[in-house]
Amino acid sequence: MMNIEVNGTDIQVKLYDNSSAAAVKELLRKGPLTIPMKDYAKMEKFGSFGVQLPTNDEHITTEAGDVILSEGNLLVIYYAPNTWTFTRLGKIQNLSESELKKVLGTGNITATLTLSDDETKEGTRE
C-alpha cells in the first residue's frame, strides 16, 4: 500500500503487481516524495515523479480513484473517466468518488507519497 497525503487527508492506494508499481515502491523506500500536481480537464491531477519509470502501458478507460503512470514520469490521480494508453499503478481504497473530488478540490494540489509501514519494512528485510 502507498499513502498519498493531500490537503490533510491520507489517501490509501493499493498498488498493482507490475514493474512500474515496484519502481514507485523503490523510489519511496528512500523516503517521502512530495509532488506538486496540476488539475487537467476537470478529470485528473498530475505531477512529475522527476525520474523515468518502467511502463506497462495498456489502452484503458480510467475511473475515479485510479492512480496512473503516464509518459513514464507523471503521477496521475483520476477523479473522472478518461480513455488512453496508460500504466496502472494502483487504486484508491478509502475514498468514494465524491469524497475524492472533495479532497482534491478544483485547483492545484501538493501530494506527499509514502509507503505504508508494511511496505517500508518489507524493503528493509535481509
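When you look at L115, is it within 16 Å of the chain's Cα centre (by Cα), of a type in the set (A, V, I, L, M) and under 16 Å from V13 (Cα atoms), yes or no? First the steps, then the outcome.
On the way: within 16 Å of the chain's Cα centre (by Cα): yes; of a type in the set (A, V, I, L, M): yes; under 16 Å from V13 (Cα atoms): yes.
It is true that L115 is within 16 Å of the chain's Cα centre (by Cα), of a type in the set (A, V, I, L, M) and under 16 Å from V13 (Cα atoms).
When you go through (1) among the hydroxyl-bearing types (S, T, Y); (2) open to solvent by 60 Å² or more (accessible area, probe 1.4 Å); (3) closer than 17 Å to A21 by Cβ one by one for Y78, which number turns out not to apply?
(2)
Considering only the range 17-40, state which residues are touching a Ser or Thr at 6+ places or on another chain (Cβ under 9 Å), closer than 23 Å to E58 by Cβ and hydroxyl-bearing (S, T, Y).
Matches in the range 17-40: S19, S20.
Rundown of residues vs (1) over 13 Å from the mean Cα position of the chain (by Cα); (2) over 22 Å from T85 (Cβ atoms); (3) outside any strand (DSSP E or B); (4) at pLDDT 95 or above, yes/no style:
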position: N3; (1), (2), (3), (4): no, yes, no, yes
position: I11; (1), (2), (3), (4): no, yes, no, yes
position: L28; (1), (2), (3), (4): no, yes, yes, yes
position: P36; (1), (2), (3), (4): no, yes, no, yes
position: K42; (1), (2), (3), (4): yes, no, yes, no
position: V51; (1), (2), (3), (4): yes, no, yes, yes
position: N56; (1), (2), (3), (4): yes, no, yes, yes
position: H59; (1), (2), (3), (4): yes, no, no, yes
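Could you list, ordered by first residue, the pairs with Cβ atoms under 9 Å in which the first is in the range 103-117 and touching a residue at least 60 places away in the same chain (Cβ under 8 Å) and the second is in a loop (DSSP other than H, G, I, E, B) and of a type in the set (S, T, N, Q), at least 6 apart or interchain?
Pairs that qualify, where the first residue is touching a residue at least 60 places away in the same chain (Cβ under 8 Å) and the partner is in a loop (DSSP other than H, G, I, E, B) and of a type in the set (S, T, N, Q), are V103/N7; L104/N7; G105/N7; I109/N7; T110/N7.
Hey, any hits in the range 53-68 for a residue that's touching a Lys or Arg at 6+ places or on another chain (Cβ under 8 Å), open to solvent by 60 Å² or more (accessible area, probe 1.4 Å) and among the acidic types (D, E)?
Yes, there is a match, as at least one residue in the range 53-68 is touching a Lys or Arg at 6+ places or on another chain (Cβ under 8 Å), open to solvent by 60 Å² or more (accessible area, probe 1.4 Å) and among the acidic types (D, E).
Of the numbered conditions (1) farther than 16 Å from D10 by Cα; (2) over 12 Å from the mean Cα position of the chain (by Cα); (3) touching a residue at least 60 places away in the same chain (Cβ under 8 Å), T87 fails exactly one; give the number of that condition.
Condition not satisfied by T87: (2).
Looking at (1) open to solvent by 30 Å² or more (accessible area, probe 1.4 Å); (2) among the hydrophobic types (A, V, I, L, M, F, W, C); (3) not in a strand (DSSP E or B), which is the only condition W84 fails?
Checking W84 against (1) open to solvent by 30 Å² or more (accessible area, probe 1.4 Å); (2) among the hydrophobic types (A, V, I, L, M, F, W, C); (3) not in a strand (DSSP E or B), the one that fails is (3).
Here is a list: K45, K91, K30, K101. Which entry is within 17 Å of N3 (Cβ to Cβ) and open to solvent by 70 Å² or more (accessible area, probe 1.4 Å)?
On the way: K45 fails: open to solvent by 70 Å² or more (accessible area, probe 1.4 Å); K91 fails: open to solvent by 70 Å² or more (accessible area, probe 1.4 Å); K101 fails: within 17 Å of N3 (Cβ to Cβ).
So the residue among K45, K91, K30, K101 that is within 17 Å of N3 (Cβ to Cβ) and open to solvent by 70 Å² or more (accessible area, probe 1.4 Å) is K30.
The values are calculated or read from the model by the stated rules, or taken from the named source; none is laboratory data. Because the structure is predicted, anything quoted here is derived from the model rather than measured. Reconstructed Cβ throughout: ideal geometry from the backbone, glycine too, with neighbour counts over all protein chains shown. Accessible surface areas use protein heavy atoms only, side chains included; no ligands, DNA or RNA. Shrake-Rupley method; radii C 1.70, N 1.55, O 1.52, S 1.80 Å.
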